[in-house]
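As structure tokens, the structure follows; a few thoughts come after it.
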Amino acid sequence: MGGEGTPAMIGRERMEHAAGIARPGRITFVWSLGIVLTLTLGCGSSGNQTISLGNADAGRSVVAAVGDRIEVTLQTIGPGQYVDPIVSSGSVTFLGESSASPPIPAGPTQVYRFEAVAPGSADITIPHAGELPGGPATPAFAITVVVQ
């Protein structure tokens, strides 16, 4: 008679609740919920994370907190390389560019570093230059960063 949902079971749950006895499934759920909330709320507003992006992220919009760093790793296949970035606003600052190591024979891998410094929005465009005449052009890499 003590099956799930019966008056006897409901009465038992009320007694356990009144006595402060928690069931293992509820403890796990509450603990898991606490971890998820801590990670979601704590990580989203820290302002000291590194957001890593690459060629496949072209055209994306990303959200950053003030103080976050944005690292863009771009691989060129064939001749040419990416050149100095264009940043549309003061919300994001360009920190520098370096070559990733180890180098690979297909073409250069470059790492561009930016920092979110003020609330607002910034379009970042990194042009590509140095293709062979008459060869296919590599499009510029472009993203939008929304700084909160």
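The values are calculated or read from the model by the stated rules, or taken from the named source; none is laboratory data. The shown structure was predicted, so the numbers you read here are calculated from the model rather than taken from an experiment. Backbone-built Cβ (ideal geometry, glycine too); neighbour counts: all protein chains shown.
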- Query: In the set Gly11, Gly54, which member is at pLDDT 55 or above, not β-branched (Val, Ile, Thr) and not assigned by TED's automatic domain parsing to the domain that holds Ile143?
  - Reply: Gly11
- Which residue out of Ala118, Ala142, Ala122, Ala106 is free of Cβ contacts under 8 Å to residues at least 40 places away in the same chain, among the hydrophobic types (A, V, I, L, M, F, W, C) and touching a Ser or Thr at 6+ places or on another chain (Cβ under 6 Å)? Ala122
- Quick one: would you say Val62 is modelled with pLDDT of 55 or more, surrounded by 11 or more Cβ atoms within 10 Å (Cβ to Cβ), over 30 Å from Leu132 (Cβ atoms) and out of contact with any Lys or Arg (no Cβ under 8 Å at 6 or more places or on another chain)? yes
- Task: Return the only residue of Val83, Val87 being among the hydrophobic types (A, V, I, L, M, F, W, C) and within 22 Å of Pro133 (Cβ to Cβ).
- Result: Val83
- Residues of the stretch 69-88 being in a loop (DSSP other than H, G, I, E, B), without any contact (Cβ under 8 Å) to a residue 60 or more places away in the chain and surrounded by 14 or more Cβ atoms within 10 Å (Cβ to Cβ), which ones? Gly80, Val83, Pro85, Ser88
- Just name the residue that is modelled with the highest pLDDT out of those in the stretch 96-115 that are outside any strand (DSSP E or B) and surrounded by 13 or more Cβ atoms within 10 Å (Cβ to Cβ). Pro108
- Can you tell me which of Ala137, Ala122, Ala118 is at pLDDT 95 or above, among the small types (Gly, Ala, Ser) and part of a loop (DSSP other than H, G, I, E, B)? Ala118
